[in-house]
1. If a residue has to be open to solvent by less than 30 Å² (accessible area, probe 1.4 Å) and either within 21 Å of Ile120 (Cα to Cα) or touching a residue at least 40 places away in the same chain (Cβ under 8 Å) (or both) to count, how many in region 80-97 make the cut?
2. Please go through region 36-60 and give me each residue that is in contact with a helix residue (DSSP H, G or I) (Cβ under 7 Å, 6 or more places away or on another chain), more than 25 Å from Cys136 (Cβ to Cβ) and open to solvent by less than 30 Å² (accessible area, probe 1.4 Å), ordered by number.
3. Are any of the residues in region 18-34 within 18 Å of Cys136 (Cα to Cα), at pLDDT below 90 and not hydroxyl-bearing (Ser, Thr, Tyr)?
4. In the list Ala54, Ala67, which residue meets the criterion of being assigned to a helix (DSSP H, G or I) and within 21 Å of Tyr193 (Cβ to Cβ)?
5. Can you tell me which condition Thr113 does not meet? The list is (1) over 30 Å from Pro64 (Cα atoms); (2) in contact with a Ser or Thr (Cβ under 7 Å, 6 or more places away or on another chain); (3) buried (at least 16 other Cβ atoms within 10 Å of the Cβ), and all the others hold.
6. Please go through region 137-153 and pick out each residue that is free of Cβ contacts under 8 Å to residues at least 40 places away in the same chain, open to solvent by less than 50 Å² (accessible area, probe 1.4 Å) and not in a loop (DSSP other than H, G, I, E, B).
7. Look at Leu183 and say whether it is among the hydrophobic types (A, V, I, L, M, F, W, C), at negative phi and part of a helix (DSSP H, G or I).
Amino acid sequence: MKLVLASKNQKKLKEMQEILNQLGIEVCLQSEVGVDVDVEETGATFEENSLLKASAVMKASGLPAIADDSGLCVDALNGAPGVYSARYGGEGLDDTGRYRLLLENMRGLGPRTAKFVSVITCCFPNGDVLTARGECPGTIAFAPQGEGGFGYDPVFWLPERKKTFAQLSAEEKNAISHRGKALEIFREKLTQYLK
């Protein structure tokens, strides 16, 4: 089975491939099937945005499409940046700019507890929809650490591992991350769906 990823993010594709290839499922970028869809994320929740993206790419490609909407929810910031994680601080910021802004906004605030959330949605041409949600609790570090991962990984601290997401190997991260958990739940649902 082939799923079209409703994203242009190569790192997200790699994470999904590593987990879903074990099921014999091929995941490809939308560009590989001649589709170039930019979906405006107007949803108020990760679930709504994930569905918007998967549905748009499925309609444009005629193939089952999978989307992930994920973000960082920080307790001291009332759940921000949340669904705006990729757009936090506006258009001009890159990953480094966004996590620096987050650290600046956290200055003097507590608690530093946070969670990463990922919602995976798969839309099929017959109208069926599968959804899975994964969460990973942690805290916000006081300074970035590590070179791996992407996004807020350098400032997302895992107290039990004494490392940030950016200091974990891909295998370690996939085993405990929000996306890894969501994909594991999705994989179980898809296995049942395909029976």
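1. 4
2. Listed by number, the list holds a single entry, Val57.
3. First pass over region 18-34, keeping only residues within 18 Å of Cys136 (Cα to Cα): 19.
Those left that are additionally at pLDDT below 90: 19.
Of the ones still in play, those that are also not hydroxyl-bearing (Ser, Thr, Tyr) are 19.
Among the residues of region 18-34, at least one is within 18 Å of Cys136 (Cα to Cα), at pLDDT below 90 and not hydroxyl-bearing (Ser, Thr, Tyr), which makes the answer yes.
4. Details: Ala67 fails: assigned to a helix (DSSP H, G or I).
From the options Ala54, Ala67, the qualifying one is Ala54.
5. Here Thr113 meets the rest and fails (3).
6. Within region 137-153, Gly138, Thr139, Asp153 meet the criteria.
7. Values: among the hydrophobic types (A, V, I, L, M, F, W, C): yes; at negative phi: yes; part of a helix (DSSP H, G or I): yes.
So Leu183 passes the test.
Here is a yes/no grid of residues against (1) surrounded by 13 or more Cβ atoms within 10 Å (Cβ to Cβ); (2) within 14 Å of Val117 (Cα to Cα); (3) in contact (Cβ under 8 Å) with a residue 24 or more places away in the chain:
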position: Val155; (1), (2), (3): yes, no, yes
position: Lys163; (1), (2), (3): yes, no, no
position: Ala166; (1), (2), (3): yes, no, no
position: Ala170; (1), (2), (3): yes, no, yes
position: Ile176; (1), (2), (3): yes, yes, yes
position: Gly180; (1), (2), (3): yes, yes, yes
position: Leu190; (1), (2), (3): yes, no, yes
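The values are calculated or read from the model by the stated rules, or taken from the named source; none is laboratory data. Source: prediction; values computed, not measured. Reconstructed Cβ throughout: ideal geometry from the backbone, glycine too, with neighbour counts over all protein chains shown. With ligands, DNA and RNA removed, areas are computed over all heavy atoms of the protein, side chains included. Shrake-Rupley method; radii C 1.70, N 1.55, O 1.52, S 1.80 Å.
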